[in-house]
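The numbers here are math on the coordinates, done by the rules we state, and not lab data. Bear in mind the structure is a predicted one, so any value in this text is a computation, not a measurement. Here Cβ is always computed from backbone atoms with ideal geometry, including for glycine, and neighbour counts include all displayed protein chains.
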């Protein structure tokens, strides 16, 4: 059973990725990429990494992709918005619908695998408790460094975003 | 039964598609998304090998990769906005200020 789920998820991931790379409209790319990330998250779960699977959905599909979508919408990058004012055609939303249905089926199949029989739980299973123990004992310094890096990235993003807007006001006087 | 090679091959396919996207697309934001995709395929390799070797370190590294990807997305998108303010475009063909 797990073998079939892996093959379905792998096919969904590859198809969604290929569609994401070839779409002309960046918003469509984002939608396909979210599908691809969901498939990868479920593969992570199959590999016995439930915490990483949850992060894949929360951080990648949730936070980063919404950030991309926000920027694309803000910069108005979607081409031909006037062309499909009457809404996307069936050829555009049908592949996403099929991929989403396949992902939903896989989720239900994963839930249906009996946890008591040990089918759903892989033989190598990293529980969040084990993960946290290793992370904060052996890699405590690395966690600190990564947190500093996130702080620097935030400062850098603020600076780059702010420098351009400040340039305009004194720029007129120069 | 699925061996570790299946996961590695899937990861390689996704990485190749991401590389293809980086090399062929003109839209800088789509290129950026392809880079995220490549990072994700590397995550898949890490987790597959983590399970294969029965070792937790691969998953820890996925955590760090995700942190780096989040930081990269924040800084990169800020750069995109700065470029868009200057050039009114994020087409990579317009990024030629450093080109002779």
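Annotations
- Residue order, fewest to most beta carbons within 10 Å, for B:84, A:7: A:7, B:84
- Cα→Cβ-extended label distance, 7 Å offset, between residue B:91 and residue A:24, nm: 1.4 nm
- Placing dummy labels 7 Å off each Cα toward the beta-carbon, the span from residue A:69 to residue A:137 is 4.0 nm.
- Each of B:72, A:138, A:56 has some number of other Cβ atoms within 10 Å of its Cβ, and from fewest to most they run A:138, B:72, A:56.
- Binned Cα-Cα distances of the range A:1-64, short to long, each 10 Å bin given as a whole percent: 25, 48, 24, 3
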